[in-house]
Amino acid sequence: MDNIYLDNAATTPVRPEVQEAFSEALGRTYGNPSSIHTVGQEAKKLLEESRERAAGAIGSPPGNIIFTSGGTESDNLAVAGCARAYKDKGNHIVCSGIEHHAVLNCCKALQAEGFELTVVPANTDCIVEPERVAEAIRPETVLVSVMYANNETGTLQPVRELCAAAHEAGALFHTDAVQAAGKVEVNVEKLGVDLMSLSGHKIYGPKGVGALYIRSGTKLLPLVYGGHHEKSIRPGTENVPGIAAFATALELAAAELPGSANRLRGLKETLAAAILENIPAVQRNGGAENSLPNVLNVSFEGVDGESILLNLDLLGISVSTGSACTSGAIEPSHVLLAMGVPPRIAQSSIRFSFGRENTEGQVARVLEVLPDIIRRLRDLSVKKIGE
Amino acid sequence: MTNEKRTSTVKPVTVVAISGGVDSSVAAAVLKEQGRDVIGIGLQLVDPEDVCVTPGSCCGIESMEDARRVAEKLGFPFYVLNFKDVFRTFVTDYFIDSYLRGETPNPCVPCNDVIKFAELLRSARGLGATCLATGHYARIEPGSGGRLALKKGIDGNKDQSYFLYSLTQEQLAAASFPLGGMTKPQTRAVARDLGLKVHDKQESQDICFVGVEGYAAFIEQRCGHALEPGPILDDSGAVVGEHKGLVNYTIGQRRGLGVSFPEPMYVVDVDPGSNSIAVTTAQGLKRQNRLVLDRVNYVSIAPPSAPVRVSAMTRYRKAEVPATMSPLEGGAASLEFDDPQEPTAPGQSVVLYDGDTVLAGGIAVREFRG
């Protein structure tokens, strides 16, 4: 039986065009872009073309994009690099409680350097309200960081308004757009953001590559020191094949909107409607409105999300209980808890995240097996063991 | 997909608790060979960054990556489940509290009856499993009066029935110990034949969650305050030295006392009330005729109404001694030894056998001296 992969918010399969761009660059464009000779110049040319394509996909001038090793590095570079660069101006940063750990833990680490941190919780719809962020901002606030789309619930944040609130108070604004890119339009000019993180492997690109958009005039201190690559903000010989693949992935994903998003949303809403109709005591976490087209988060009251995940996996269906954890073991979601979801309900949640390879037939297969799994687990959970 | 995918979740399956060590790996292999539908589960019991785990430690904490490799090699699905909270409450906190009360606990006992055969069994049933297997060297056989009997593993050097005495009949009904009828060398041979890299993995001995710095340092770090030195007393009550904190001492201990006497001295009491330990000579030590056990579980026999002749193991792998067990009120029992014995440390599990069969077991209660 073929696997049904419904965990595209964790990572995505690399699409053929991207594989081609990657192996082409890996095989042929082996030069060091910093070398003066022709072989190096070819690599430099591919690097800069990739930069133009990636920048074009997000409405940025090419010179405002630097490539990184992925979303986590982009987030860290944006948050820590910016906070440290503006330390003279102020020592306060603001982020939301539903941020990815790449932002949240970076902010916490900055506290040890003497920065003060305000974490703004989301409301019960998983939305970070601009008014709440505005209240949290102080004269000494240098940076506000709120993600574009939440990775667990798929909820889109009012980034334009949040950004405006930060700017009004003289603070810079960063958004982690790792989940949003390729699913909704991501245009730095329309959003007004100063910093924006992107990742390759969430958009059918390779792992280990991402980008950070940096608005002109925004200062950043590097996380690592080395040569002059990437304007000395991100030194190290550029990952040319990864970057070429990333640019291809981003360009394709942006070009396929909104058709691809409409298709994904159709799959998601089919699944959501059928679950809500056929399985009692379920709760959708994060609304249907203002959400990524491909992420659905549902709590099945009285059942451990982990048990559902494992039962589905045994049937070849890959889902998640939240964000992927390195150990493979499961903790209750900090995002759902931050939204005010009770721990018991948070523990019973499952994230279904769709991608370009999913079909209606696959959704039908999930709906064929899911109600039975939930019923069986609920029957079991009323029985006490060891008594 | 290297794992075999099952077509239905209702087909009965066996969950195997897999640590990545040789025993649990071979247990899974044996079941797989018998044609059972196997799912491996690794237990995450502590935060990886929290503890410097002893290499090759017990049935609990091993490299999950070794376990994953074994599952891949044998071709069954494998998952790691998080039992950190219950493990902390029922095993590590119990261990620390017991030591701070001047006792010497067996943390493996609650790890088996709470973590594996309650919490993990619940998860296993959630996966459609009817049976939970572990790599313990013990056997389950039909016993008398319609009960299941828990018996020693046939390898006398490896028998682990001692750590399983607290299982209930319902837990035994769901348990499977595929290695009970095998010897350790046979287990290693199976692992070697299967090409499992773990076949020559180091034997586990120590408490799995305690790092190389030892259990006293672990307790000191976890309980949040320094261990308090106090007096070492002799038979007459005279102070003969200073101890380094009660948790460093166990009844019967001879080494590391730091007192000089013409003959070897043994710890005969650890008293948290006065923060003192008492020492005595070998002769003075051998004088316990009776022991009270608490939280007694009757495994292979129904709770008896009359005294029962038993063979008592007062510490893991210690030679059994003949005794008579009489049930008391409130789940307790008294144990009369045929011959006076070295005192048993309170908190220790005392397991009562009839030949190979585990009749019952309980926890030694503090003996009030004086």
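Read-outs throughout are calculated quantities, based only on the coordinates presented, and are distinct from any laboratory measurement. Source: prediction; values computed, not measured. Note that each Cβ is placed from the backbone with ideal geometry, even for glycine, and that neighbours are counted across all protein chains shown.
Using the 10 angstrom Cβ neighbour count as an exposure proxy, how do A:Asp75, A:Asp372, A:Asp313, B:Asp85 rank, fewest first?
Ascending Cβ contact count within 10 Å gives the list B:Asp85, A:Asp372, A:Asp313, A:Asp75.
Compare the peptides B:184-195, A:240-251 by average per-residue count of other Cβ atoms within 10 angstrom and give them in order, highest first.
A:240-251, B:184-195
List every residue whose amide H lies under 5 Å from the amide H of B:Ser176, counting only residues 5 or more places away in sequence or on a different chain, with H placed 1.01 Å from N in the peptide plane.
Amide H to amide H, under 5 Å and 5 or more residues apart or across chains, B:Ser176 pairs with B:Leu132, B:Ala133, B:Thr134.
Using a Gaussian network model on chain B with a 10 Å cutoff between Cα atoms, which of B:His136, B:His225, B:His243 fluctuates the most?
With Cα springs under 10 Å in chain B, the top fluctuation among B:His136, B:His225, B:His243 is at B:His225.
Could you calculate the FRET efficiency of A:Ala364 with B:Asp97 from 1/(1 + (r/R0)^6), where r is the beta carbon distance between them and R0 is 41 Å, rounded to 0.05?
In this case the efficiency is close to 0.15.
Per residue of B:114-122, how many C-beta atoms from partner chains lie within 10 Å of its own C-beta, taken as a mean?
2
Of the peptides A:226-235, B:256-265, A:209-218, how do they stack up when ordered by the mean number of other Cβ atoms within 10 Å, highest first?
Those peptides, ordered most packed to least, come out A:209-218, A:226-235, B:256-265.
Divide by every residue of chain A the summed helix terms, -39500 (n - 2.57) for each DSSP H run of at least 4, and state the resulting mean residue ellipticity at 222 nm, rounded to the nearest 500 deg cm²/dmol.
After summing the helix terms and dividing by the residues of chain A, the value is -13000 deg cm²/dmol.
Extending each Cα 7 Å along its Cβ direction at A:Asn262 and A:Arg28, get the distance between those two points in nm, one decimal.
3.6 nm
Check B:Leu233: other-chain or 5+ apart residues with amide H under 5 Å from its amide H, H built from backbone geometry?
It is B:Val240, B:Ile277, B:Ala278, B:Val279, by chain and number.
I'd like the mean, over residues of A:307-317, of how many other protein chain beta carbons sit within 10 Å of each residue's own Cβ.
5
Report the residues of the range B:305-340 in range of a label on B:Asp235: point 7 Å along Cα→C-beta, backbone N strictly under 19 Å from it.
Under 19 Å, as judged by backbone N against the label point of B:Asp235, lie B:340 of the range B:305-340.
Note the full-extension length gain between A:Ala273 and A:Gln111 as 0.36 nm times their separation in residues minus their Cα-Cα distance, in nm to one decimal.
54.0 nm
Ranked highest first by average number of other Cβ atoms within 10 Å, how do B:120-128, A:175-183, A:271-279, A:339-347 line up?
A:175-183, B:120-128, A:339-347, A:271-279
Please give, to one decimal in nm, the separation of the simple spin-label points placed at B:Asp354 and A:Glu161, each 7 Å out from Cα toward the Cβ.
Calculated label separation equals 7.6 nm.
Give me A:Arg351, B:Arg315, B:Arg101 sorted ascending by neighbouring Cβ count inside 10 Å, so fewest comes first.
B:Arg101, B:Arg315, A:Arg351
Here are some pairs, A:Lys89/A:Lys190; A:Lys45/A:Lys231; A:Lys108/A:Lys190; B:Lys32/B:Lys116; which of them have Cα atoms lying more than 25 Å apart in this structure?
The answer is A:Lys89/A:Lys190; A:Lys108/A:Lys190.
Which of B:Tyr99, A:Tyr225, B:Tyr94 has the fewest other C-beta atoms within 10 Å, and how do the rest follow up to the most?
By the 10 Å Cβ count, ascending: A:Tyr225, B:Tyr94, B:Tyr99.
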